[in-house]
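Here's the structure, in structure tokens; my notes come after.
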Amino acid sequence: MDYFPIFLRLTGEPVLVVGGGEVAARKIASLQRAGAKVSVVAPELHDSLVRKVGTGEIVHLAAEFQPEHLHRKRLVIAATDKRAVNAWVAHQAESQNIPVNVVDDRELSRFIMPAIVDRSPVVVAVASSGDAPVLTRRLREKLEGFLPQRLGVLARLAGRLRPVVKRRIDDAGARRRFWERFFDGPLASDLLAGRVHEHDQELEQRIVETIGLTAAKGAAPGEVVLVGAGPGDPGLLTLRALRALQNADVILYDRLVSSEVLDLARRDAQKIYVGKTAGKAHVVQEGINELLVRLAREGKRVCRLKGGDPFIFGRGGEELEVLAAHGIRFEVVPGVTAAAGCAAYAGIPLTHREHAQMLTFVTGHCKGETDKVDWEMLARPGQTAVFYMGLGHLDHILGRLREHGLAVGHAAAVIEQGTQSSQRVITGTLGDLGQKVTEAGIQSPALLIVGEVARLHDTLHWFNAAGSDGKRFADRDGLWSLVGT
Ligand code: SAH
């Protein structure tokens with residue numbers, strides 16, 4: 001961070017502006033919005049400033065800048081069109097430890113002014129350390145459009161209510177949940193939409209009732225949100241998943257959840273890794289179930305985060321059965337399953353009018369006693385079969401398909417760490433894929449796609465993690481959508 005962002009209270013505080021032109025006038029206007037007592041030193045003044053001097057809003061010192069003008073000032077802005085004068089002001093201010101901004105000159109400035117979105121008391125400030133002013137302005141425009149006009153009204157009301165809520169709801173966790181529900185709830189949306197007004201009797205009444213209800217119930221009951229985190233790229237999270245990550249007190253996550261996704265969680269949420277260790281799956285699963293129940297009973301909002309979709313080879317159903325048996329409230333947020341994510345990022349359409357009229361998701365845990373797979377069905381042409389957890393039994397799977405009549409030359413692909421910057425795609429046939437995968441040293445997590453559609457990777461691949469054109473294209477797209485060009 002090149003600059004430390006702070007918000008400064010300037011109400012009634014003396015501030016000096018050097019220069020009396022149009023730029024100075026703009027700066028003075030924003031300082032006045034913050035309630036500062038502005039003195040302007042300049043031999044001559046812009047018309048709008050002359051008016052302000054006339055009404056006594058600002059004080060004019062008709063002179064060249066002198067170091068004495070800095071006496072007791074909280075801030076200084078130099079806005080003359082002479083660099084030497086600006087540099088002199090900056091130098092003097094620095095020597096007296098008074099923060100100084102020189103308009104459009106970051107070398108001479110101690111502080112810079114961000115682009116702002118003003119929904120007072122909510123103020124959003126955006127800055128790029130002076131590197132990209134146009135980008136910051138675009139972002140500000142986006143935020144202007146995105147933040148409700150009456151956001152300030154809501155924040156002001158919350159400010160008035162804070163002491164009451166604090167008195168009535170003892171527990172800090174319950175208080176936070178009250179506020180989250182308050183801001184997400186019907187009261188807030190009515191207020192933002194202007195359906196009720198700040199000083200309406202009805203509003204007061206509804207607030208008192210809501211607080212009373214929360215206080216009477218004591219700590220709100222806990223709940224579990226079972227969330228699909230997708231295959232790795234955080235861009236594939238749903239908005240609901242993001243919200244669950246932001247609202248959680250505790251997050252229980254698996255091995256397949258990428259660190260980029262976890263980074264989107266609320267900062268002070270407790271994060272617990274419950275990834276399974278091979279061979280101990282059963283024991284660990286019971287431990288996870290117990291933990292979920294215990295945390296929810298403590299009143300926590302638990303986010304149970306699983307790779308891909310929680311209902312596809314994710315044991316999501318088993319965990320919910322336990323919660324249901326204990327009467328714990330839960331929700332499910334679906335995620336992009338590995339088959340959909342890996343296929344998209346590998347340029348392999350899972351169905352295709354020519355090659356695949358049917359699609360099956362199969363568990364690759366299918367050796368020896370656990371082999372309950374209908375190989376005969378899967379070995380018929382005209383379909384795609386996606387094997388999850390199949391890497392360890394790759395040769396077995398390819399062999400069984402051949403035994404049941406699928407041609408040796410039938411296409412297949414393995415995708416390692418799909419949708420992530422480390423993604424690798426190996427394509428081949430039932431005859432040679434096993435060897436190619438071994439030679440490439442492919443590791444888990446990896447997904448096997450069997451079907452003629454795998455051949456389309458050659459022409460349709462677009463995402464290349466190794467920094468080829470495809471990847472740059474994807475990045476650039478992301479940036480431009482951000483600034484709205
Ligand atoms: N619930 C998950 C699947 C869990 S089973 C989902 O819907 O995607 C775990 C298997 O999923 C792994 O063995 C692997 O076959 C596959 N998998 C999950 N994420 C993957 C990724 N990013 N790349 C490749 N395979 C992945």
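Scan the stretch 375-394 for residues that are in a helix (DSSP H, G or I), in contact with a Ser or Thr (Cβ under 9 Å, 6 or more places away or on another chain) and open to solvent by 20 Å² or more (accessible area, probe 1.4 Å) and jot them down. Listed by number, the residues that qualify are MET377, LEU391, GLY392.
Test of understanding: among LEU45, LEU16, LEU49, LEU61, which residue is surrounded by 13 or more Cβ atoms within 10 Å (Cβ to Cβ) and without any contact (Cβ under 8 Å) to a residue 24 or more places away in the chain?
Result of the check over LEU45, LEU16, LEU49, LEU61: LEU61.
Is at least one residue of the stretch 312-325 within 16 Å of the ligand (Cβ to nearest atom) and basic (Lys, Arg)? Yes. Select from the stretch 385-397 the residues that are within 15 Å of the ligand (Cβ to nearest atom) and in contact with a helix residue (DSSP H, G or I) (Cβ under 8 Å, 6 or more places away or on another chain) and write down the one among them that is nearest to GLN435 (Cα to Cα). Only one residue tops the list, namely LEU394. Within the stretch 393-419, residues that are in the same structural domain as ILE442 (by TED's automatic domain parsing) reach partners that are modelled with pLDDT under 95 and open to solvent by 20 Å² or more (accessible area, probe 1.4 Å) with beta carbons closer than 6 Å, at six or more positions or on different chains, in the pairs HIS393/LYS367; HIS396/LYS367.
Residue count for the stretch 329-342, restricted to those that are more than 10 Å from the ligand (Cβ to nearest atom) and either of a type in the set (Asp, Glu) or surrounded by 16 or more Cβ atoms within 10 Å (Cβ to Cβ) (or both): 4. Checked against (1) open to solvent by 50 Å² or more (accessible area, probe 1.4 Å); (2) assigned to a helix (DSSP H, G or I), VAL153 meets all criteria but (1).
Scanning the stretch 420-439 for residues that are free of Cβ contacts under 8 Å to residues at least 24 places away in the same chain, under 26 Å from GLY232 (Cβ atoms) and more than 13 Å from the ligand (Cβ to nearest atom) yields a total of 4.
Might you check whether a residue that is within 15 Å of the ligand (Cβ to nearest atom), touching an Asp or Glu at 6+ places or on another chain (Cβ under 9 Å) and not hydroxyl-bearing (Ser, Thr, Tyr) occurs anywhere in the stretch 289-297?
No.
Among the candidates GLY314, GLY299, which residue alone is among the small types (Gly, Ala, Ser), on the phi < 0 side of the Ramachandran plot and at pLDDT below 95?
It is GLY314.
Rundown of residues vs (1) of a type in the set (Phe, Trp, Tyr); (2) within 16 Å of the ligand (Cβ to nearest atom); (3) surrounded by fewer than 20 Cβ atoms within 10 Å (Cβ to Cβ), yes/no style:
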{"position": "PRO221", "(1), (2), (3)": "no, no, yes"}
{"position": "VAL224", "(1), (2), (3)": "no, no, no"}
{"position": "VAL227", "(1), (2), (3)": "no, yes, no"}
{"position": "GLY230", "(1), (2), (3)": "no, yes, no"}
{"position": "LEU236", "(1), (2), (3)": "no, yes, no"}
{"position": "ALA241", "(1), (2), (3)": "no, yes, no"}
{"position": "LEU245", "(1), (2), (3)": "no, no, no"}
{"position": "ASP249", "(1), (2), (3)": "no, no, yes"}
{"position": "GLU260", "(1), (2), (3)": "no, yes, yes"}
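Only a single item in (1) touching a residue at least 24 places away in the same chain (Cβ under 8 Å); (2) open to solvent by 60 Å² or more (accessible area, probe 1.4 Å); (3) over 27 Å from ALA269 (Cβ atoms) is not met by ASP171, and it is number (3). Selection of first residues in the stretch 191-208 that are assigned to a helix (DSSP H, G or I) and of second residues that are of a type in the set (Phe, Trp, Tyr), restricted to Cβ pairs under 9 Å at least 6 apart or on distinct chains, gives the following pairs, ordered by first then second residue: ILE207/PHE182. For the stretch 362-374, the set of residues classified as buried (at least 18 other Cβ atoms within 10 Å of the Cβ) and either away from the ligand (no atom under 16 Å from the Cβ) or part of a strand (DSSP E or B) (or both) consists of VAL362 only.
Can you work out which of the residues in the stretch 274-296 that are under 16 Å from LEU226 (Cα atoms) and outside any helix (DSSP H, G or I) is modelled with the highest pLDDT?
VAL274
Residues in the stretch 298-311 that are away from the ligand (no atom under 16 Å from the Cβ) and open to solvent by 40 Å² or more (accessible area, probe 1.4 Å) were compared, and the one that is nearest to TYR253 (Cα to Cα) is LYS300.
The values are calculated or read from the model by the stated rules, or taken from the named source; none is laboratory data. Computed from a predicted structure; not experimentally measured. Note: ideal-geometry Cβ built from the backbone for every residue, glycine included; neighbour counts use all protein chains shown. What goes into the accessible areas is simple: the full protein's heavy atoms, side chains included, and nothing from ligands, DNA or RNA. Shrake-Rupley method; radii C 1.70, N 1.55, O 1.52, S 1.80 Å.
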